[in-house]
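In what follows, a structure is listed as structure tokens, so that the remarks can point back to it.
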Amino acid sequence: MSFSTLDTEQMHRALALAAQAMFLTSPNPRVGCVITSADGKVLGQGHTQPAGQAHAEIMALQDAQAQGHVVAGATAYVTLEPCAHQGRTGPCCDALAKAGIARVVASVEDPNPQVAGQGLARLRSVGVQVDTGLLENEARELNIGFFKRMQQGTPWLRMKTAQSLDGNTALNNGESQWITGTAARDDGHHWRARACAVLTGIGTILQDDPLLNVRAVHTPRQPDLVLIDSRLQTPLNAKLWNGQRRVVIFHAVHDPEKEKALTNKGSTLVCLSGHGDKVDLHAMVQHLGQLHYNEVHVEAGHKLHGSLLKAGLVDELLVYLAPLLTGPGQAMAALPELTNLAQAQTWLFQETNRIGTDLRLLLRRPR
């Protein structure tokens with residue numbers, strides 16, 4: 001299918017709208033919709049609202065109506081296939097057809113098994129022209145976690161580290177504040193905000209007592225906090241409790257007294273015992289998918305980082321590289337010593353950006 005310059009311009013507009021919903025829609029995908037006349041005039045536009053509220057297509061139709069525009073015969077540009085199932089909201093494909101939309105351009109088919117082409121098929125069945133594939137990669141990137149969860153049942157795990165040029169996240173005495181500059185730290189909050197949950201380990205809680213919430217950017221919601229605490233050592237006076245968010249604690253041993261105390265603090269406890277009284281990390285990631293988490297932002301210590309990397313559970317590395325040489329210190333991950341370079345994990349650079357005085361590197365596993 002070949003698309004016109006006008007098609008591409010309008011889909012870029014729809015993608016920009018979807019990006020405005022970055023911190024808003026979890027666990028639903030971020031979707032944008034633009035409705036235009038034949039000559040390219042924008043009649044209505046919108047993006048997905050919080051879960052349970054209107055989808056992008058409905059927002060665009062309502063916007064057109066509010067402006068007094070008639071959309072019969074118009075084209076709708078949508079960054080994801082219009083839904084075809086009745087959830088907390090009605091099927092968007094039916095709403096578009098009922099409004100008289102003549103053509104729908106969708107970037108990509110919805111990976112949700114409840115949709116998976118059915119929305120496009122229903123539109124075609126009532127005579128709507130449907131074209132797909134325009135800026136598909138960009139649309140997938142906006143919802144990379146949603147696609148993974150729908151297709152594999154597990155969330156997209158993004159591991160964030162801040163380190164010196166010689167690869168250290170802290171000095172040997174544990175000092176780490178601050179390796180990177182203010183701009184990089186603020187940028188890290190943007191990545192926290194887009195995630196469904198922030199994951200850390202008990203070692204980080206006991207050593208740093210962090211809040212691990214979003215502070216440097218405005219967000220309508222705080223991501224949940226997921227804590228791996230095999231022996232239920234989480235202090236009842238830790239700063240992590242200071243926030244209106246869900247706290248999920250994975251543990252490996254039973255202690256009725258501690259379990260009751262942590263439950264009384266409002267946390268959800270999940271026991272997933274693995275080898276050596278450690279949390280079964282593979283089972284944990286499966287459970288995170290069942291909690292409808294699309295993206296999980298990992299900020300932990302080198303031990304948990306190493307365990308997740310060794311288990312092959314990390315999809316993406318978000319590395320802030322500071323122009324410092326710190327000498328001996330703590331590496332980003334506790335990985336086993338190798339005997340030859342062929343054993344090394346291979347990652348691919350996706351992006352390299354200057355953030356203030358630091359570099360932000362984004363890497364992914366080869367697929």
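The values are calculated or read from the model by the stated rules, or taken from the named source; none is laboratory data. Remember, it's a predicted structure, so these values are computed and weren't measured experimentally. Note: ideal-geometry Cβ built from the backbone for every residue, glycine included; neighbour counts use all protein chains shown. What goes into the accessible areas is simple: the full protein's heavy atoms, side chains included, and nothing from ligands, DNA or RNA. Shrake-Rupley method; radii C 1.70, N 1.55, O 1.52, S 1.80 Å.
Across the stretch 60-98, the qualifying residues are those that are over 18 Å from residue 115 (Cβ atoms), crowded, with 21+ Cβ neighbours inside 10 Å and of a type in the set (Val, Ile, Thr), and the one among them that is farthest from the chain's Cα centre (by Cα) is 71. Residue check: is residue 172 open to solvent by 60 Å² or more (accessible area, probe 1.4 Å) and touching a Pro at 6+ places or on another chain (Cβ under 6 Å)? Here the answer is yes, as residue 172 does meet what is asked.
Closer than 24 Å to residue 185 by Cβ, free of Cβ contacts under 8 Å to residues at least 60 places away in the same chain and touching a Pro at 6+ places or on another chain (Cβ under 7 Å) - does that describe any residue in the stretch 228-239? Yes, some residue in the stretch 228-239 is closer than 24 Å to residue 185 by Cβ, free of Cβ contacts under 8 Å to residues at least 60 places away in the same chain and touching a Pro at 6+ places or on another chain (Cβ under 7 Å).
Residues in the stretch 9-59 that are over 20 Å from residue 214 (Cβ atoms), surrounded by fewer than 23 Cβ atoms within 10 Å (Cβ to Cβ), under 19 Å from the mean Cα position of the chain (by Cα) and modelled with pLDDT under 95: 52 alone.
With respect to the conditions (1) touching a helix residue (DSSP H, G or I) at 6+ places or on another chain (Cβ under 8 Å); (2) open to solvent by 20 Å² or more (accessible area, probe 1.4 Å); (3) not in a helix (DSSP H, G or I), residue 198 lacks only one, and its number is (2).
Out of curiosity, is residue 322 of a type in the set (A, V, I, L, M), over 26 Å from residue 142 (Cβ atoms) and in contact with a strand residue (DSSP E or B) (Cβ under 9 Å, 6 or more places away or on another chain)? Talk me through it step by step, then tell me what you get.
Numbers: of a type in the set (A, V, I, L, M): yes; over 26 Å from residue 142 (Cβ atoms): yes; in contact with a strand residue (DSSP E or B) (Cβ under 9 Å, 6 or more places away or on another chain): yes.
Yes.
Restricting the stretch 328-367 to residues that are of a type in the set (D, E, K, R) and under 27 Å from the mean Cα position of the chain (by Cα) leaves a set whose member that is surrounded by the most Cβ atoms within 10 Å (Cβ to Cβ) is 358.
Within the stretch 126-143, the set of residues being open to solvent by less than 20 Å² (accessible area, probe 1.4 Å) and within 22 Å of residue 188 (Cα to Cα) comprises just one member, 143. Screening 222, 152 for residues that are open to solvent by 60 Å² or more (accessible area, probe 1.4 Å), of a type outside the set (A, V, I, L, M) and out of contact with any Ser or Thr (no Cβ under 6 Å at 6 or more places or on another chain) leaves exactly one candidate, 152.
Of all the strands (runs of 3 or more DSSP E) wholly in the stretch 122-180, which have at least 2 residues that are closer than 27 Å to residue 7 by Cβ, at pLDDT 90 or above and over 26 Å from the mean Cα position of the chain (by Cα)? Explain how you work it out, then say what you get.
Details: elements: 129-132, 156-163, 168-171.
Counting at least 2 such residues, we get 129-132.
Against the conditions (1) surrounded by fewer than 19 Cβ atoms within 10 Å (Cβ to Cβ); (2) within 30 Å of residue 258 (Cα to Cα); (3) under 23 Å from the mean Cα position of the chain (by Cα); (4) of a type outside the set (Lys, Arg), residue 212 satisfies every one except (1). Among the residues of the stretch 268-298, the one identified as open to solvent by less than 60 Å² (accessible area, probe 1.4 Å), polar (S, T, N, Q) and touching a residue at least 24 places away in the same chain (Cβ under 8 Å) is 294.
Find the residue count for the stretch 37-67, including only residues that are assigned to a helix (DSSP H, G or I) and under 12 Å from residue 79 (Cβ atoms).
Let us first name the residues in the stretch 37-67 that are assigned to a helix (DSSP H, G or I), namely 56-66.
Filter once more, keeping what is under 12 Å from residue 79 (Cβ atoms): 56-57, 60.
The number of residues fulfilling the criteria is 3.
Mind checking which residues of the stretch 87-112 are at pLDDT below 85 and within 21 Å of residue 149 (Cβ to Cβ)?
Restricting attention to the stretch 87-112, the residues satisfying the condition of being at pLDDT below 85 are 87-90.
Across the stretch 87-112, the qualifying residues are 87, 88, 89.
Whether any residue in the stretch 99-121 is open to solvent by 10 Å² or more (accessible area, probe 1.4 Å), of a type in the set (Asp, Glu) and more than 29 Å from residue 82 (Cβ to Cβ) is what I want to check. No, that holds for no residue. I'd like to check something: does the stretch 315-325 contain any residue that is outside any loop (DSSP other than H, G, I, E, B) and loosely packed, with under 10 Cβ neighbours inside 10 Å? No, the stretch 315-325 contains no residue that is outside any loop (DSSP other than H, G, I, E, B) and loosely packed, with under 10 Cβ neighbours inside 10 Å.
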